[in-house]
Amino acid sequence: MNSNTRSWGVTILRLWFGLLIALQGYRELPQHWDSLWSLGLGGMPAKAYLAFAASGLRLLVGTALFLGIAVRIAALFAAATAALAMWRAGAVSPESLLDHSLLTTTFIVSLAFILLGPGRLNVGALFGRRR
């Protein structure tokens, strides 16, 4: 496989994955927002704040991945939130990783973007330096 084919494959995967992560964060954000304001900011446990922050981070990371802005940094945050969610769900053994397939897929694809970069058609290339 030549590098042009690989770049287009990474681009298609990045667009799909960015849309998936952004929609997941967009879907979860109102639920956590309502729970934050229903009991007041001071009365909520730290778990509610972390859930709200993770949903907002998923929305931002997914948007950045879809647009191709700071893809490696966004993928690092996506991998970190997936690893945190896997750890909180108790998926620390190889058998339990198969039970949490969406989190495992998110973690592995994020690692692939950290290694491979954004591919083609990214907004980050417009702001980059020309050599």
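Remarks
- Across region 101-127, the qualifying residues are those that are outside any helix (DSSP H, G or I) and open to solvent by 40 Å² or more (accessible area, probe 1.4 Å), and the one among them that is farthest from SER3 (Cα to Cα) is VAL123.
- Residue ID - least open to solvent (accessible area, probe 1.4 Å), chosen from residues in region 53-95 that are under 23 Å from VAL123 (Cβ atoms) and part of a loop (DSSP other than H, G, I, E, B): GLY68
- Matching residues, region 45-84, being in contact with a helix residue (DSSP H, G or I) (Cβ under 6 Å, 6 or more places away or on another chain) and at pLDDT below 80: ALA48, ALA51, PHE52
- The single condition among (1) surrounded by 20 or more Cβ atoms within 10 Å (Cβ to Cβ); (2) among the β-branched types (Val, Ile, Thr); (3) modelled with pLDDT under 85 that THR5 does not meet is (1).
- Criterion: assigned to a helix (DSSP H, G or I) and modelled with pLDDT under 80 - qualifying residue of GLN24, GLN31: GLN31
- Filter result for LEU98 (over 14 Å from the mean Cα position of the chain (by Cα), modelled with pLDDT under 85, assigned to a helix (DSSP H, G or I) and loosely packed, with under 12 Cβ neighbours inside 10 Å): yes
The values are calculated or read from the model by the stated rules, or taken from the named source; none is laboratory data. Everything numeric in this text was worked out from a predicted model, so none of it was measured. Virtual Cβ from ideal backbone geometry, glycine too; neighbours counted across all protein chains shown. Ligands, DNA and RNA are excluded from the accessible area calculation, which covers all protein heavy atoms including side chains. Shrake-Rupley method; radii C 1.70, N 1.55, O 1.52, S 1.80 Å.
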